[in-house]
Amino acid sequence: MGARAEARDAEFTAYLHARQPSLLRTAYLLTGDKHQAEDVLQTSLAKLYLAWDKVRDRDSVDAYVRRIMVNENNSLWRRGWRKREFATEVLPDAPVTDAYDDGQGAALWAVVQSLPPKARAVVVLRYYEQLTEAETADLLGISVGTVKSQCSRAIATLRDRVPADLDPAQREEDR
């Protein structure tokens, strides 16, 4: 292997070690499923590796990978043969968590997952990843106005669907 190829691999590996947990979180927020998120991220990183030499602006690699993940996720849910449920003979073991979990995070995430995939992508990128409207629009290939309108509709939908025990306004009134 040449010195240039070794340097490229070392640079890619360093990027991978630094950013993989954050990218996996983004993939999970986009897909709503741990295994599908791992698949989306793996495919996205493979595509990034193939284009690593073509990525000129190293400061925007995260945006480039996010764009690949969004496109890959959209490709997955567009496929007609894809099913959300899989039959198994043995139920998987439930994960054990040591930290206290009041269930509010999971309950809130279930409400977010009820959004359509494109609206969920806008909400995830805008609020979970804290991207600006312009960055979100650029990443999704839509206009800033579309980001604003989809965010507005998604937030209104979430407000209608959120259970009363998760509503911060309701909890403050109970105090």
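Values in this text are rule-based calculations from the coordinates and carry no lab data. Please read all numbers here as calculations on a predicted model, not as lab measurements. We place every Cβ from the backbone using ideal geometry, glycine too, and count neighbours over all the protein chains shown.
Couple of notes before you dig in:
- The simple spin-label model puts a point 7 Å past each Cα toward its Cβ; for Gln113 and Leu16 those points are separated by 2.9 nm.
- Site pair Asp57 and Arg161 shows an inter-label distance of 3.4 nm when each label is modelled 7 Å from Cα along Cα→Cβ.
- Positive minus negative residues near Val147 (Lys, Arg vs Asp, Glu; Cβ under 15 Å): +3
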